[in-house]
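The values are calculated or read from the model by the stated rules, or taken from the named source; none is laboratory data. Everything numeric here is computed off the predicted structure, so don't read it as measured data. As a convention, Cβ positions derive from the backbone with ideal geometry for all residues, glycine included, and neighbour counts pool all protein chains shown. Surface accessibility is based on the protein's heavy atoms, side chains included, excluding ligands, DNA and RNA. Shrake-Rupley method; radii C 1.70, N 1.55, O 1.52, S 1.80 Å.
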Amino acid sequence: MRLSTTRVFPLALMLLLALLTFYLERMVGDDDAPPSARRHDPDYVITNFTSTTFDRDGMPLNVLSAGRMLHFPDDDSTELEAPRVVQTKPGEPRMSVRAERGAMSADGAEIFLYDDVVMVREGDETGPEARLTTSFLHIVRERSLVRTDREVTIVEEHRSLRGRGMEYNSDSRVFTLMADVHGRSEPKK
């Protein structure tokens, strides 16, 4: 069988067109996404943001507020400016946490607070007000867990504790300092 130019040329042209189509598809495949999904630009910004989580009886459990919230579609991340979290469980002292900035997981189950973080448990008949300060705090809302791997200072009336790394479960009310723990207690006057 003899191959002639009239038989090979259409086959070579089809092969060349197929390779060119494959190459072009690979080169412009990234451009299918909208420009906002390729860059880290917010798709919405909310000022004076507040979100409330309620229990089965309609009573507020957690209130998350921020001076400004920015959502980014490229990685589904959320940034918070001046965030504040308030937990109000029935029969327990109210707890509030504030920070200079924060971030929230895509599903809202985890909150990460950064810079000048202050957590306050209000006083009640079971104990006085307690104030915790640190530079980073990780809140896992569904597990009622608050933790950090940074330096922590806790001040309660005439007592203070310092350490590195902390975990607090507000359901069980178990508080654990991990390392380099130093305490100070002064007698009541």
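Here is how the numbers come out for the structure above:
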{"quantity": "Arg98 accessible area, assembled protein chains, probe 1.4 Å, Å²", "calculated": "100 Å²"}
{"quantity": "Segment 132-187, accessible area per residue, ligands and nucleic acids excluded (1.4 Å, Å²)", "calculated": "60 Å²"}
{"quantity": "Fraction of accessible area attributable to carbon and sulfur, the chain (%, probe 1.4 Å)", "calculated": "54 percent"}
{"quantity": "Stretchable slack from Ser77 to Ile46, in nm (0.36 nm times residue separation minus alpha-carbon distance)", "calculated": "9.8 nm"}
{"quantity": "Selected from Leu64, Thr133, Gly91, residue furthest toward positive end of dipole (the chain; charges at beta carbon)", "calculated": "Thr133"}
{"quantity": "Kirkwood-type radius of the chain, with distances r between different C-alpha atoms, in Å", "calculated": "20.5 Å"}
{"quantity": "Cα gyration tensor category, rounded, prolate or oblate, for segment 122-189 with a/c compared to 1.5", "calculated": "oblate"}
{"quantity": "Cβ charges +1 (Lys, Arg) and -1 (Asp, Glu), total dipole of the chain, debye", "calculated": "360 debye"}
{"quantity": "Accessible area expressed per residue, segment 37-130, with surrounding protein chains retained (probe 1.4 Å, Å²)", "calculated": "55 Å²"}
{"quantity": "Vicinal HN-Hα couplings computed from phi for segment 73-87 (Karplus, 6.51 cos²θ - 1.76 cosθ + 1.60; Hz; Gly/Pro x)", "calculated": "x, 5, 10, 6, 9, 10, 10, 10, 10, 6, x, 9, 10, 10, 10"}
